Amino acid sequence: MLRDNGKYYETLAVWKEMGYSVGKVERAMNKLGKKSDDITYTINGYKAFRENNNVRLH
């Protein structure tokens, strides 16, 4: 997901549509054993996407 911009945006949109909270996404990523940096990047992107569909890719 993090390596493909299209999938990244699609995933954020699905989470938003399903009403997932930031906490729920973070807990799921922790359970999957994702790296702390990846979790932080994804959570920050998801917060921005939920607020105004604006995500800046690095």
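Brief remarks on what is shown
- If the condition is being surrounded by 13 or more Cβ atoms within 10 Å (Cβ to Cβ) and in contact (Cβ under 8 Å) with a residue 40 or more places away in the chain, then the range 2-11 contributes Leu2, Tyr8, Tyr9.
- Residues satisfying the stated conditions in the range 25-47, i.e. of a type in the set (Ser, Thr, Tyr) and farther than 17 Å from Glu10 by Cβ: Ser36, Thr40
- The range 12-49, residues that are exposed (fewer than 13 other Cβ atoms within 10 Å of the Cβ) and not in a helix (DSSP H, G or I): Met18, Gly19, Ser21, Leu32, Gly33, Lys35
Computed from the coordinates by the stated procedures, all read-outs in this text should not be read as laboratory data. The shown structure was predicted, so the numbers you read here are calculated from the model rather than taken from an experiment. Glycine also receives a Cβ, built like all others from the backbone with ideal geometry; neighbour counts cover every protein chain displayed.
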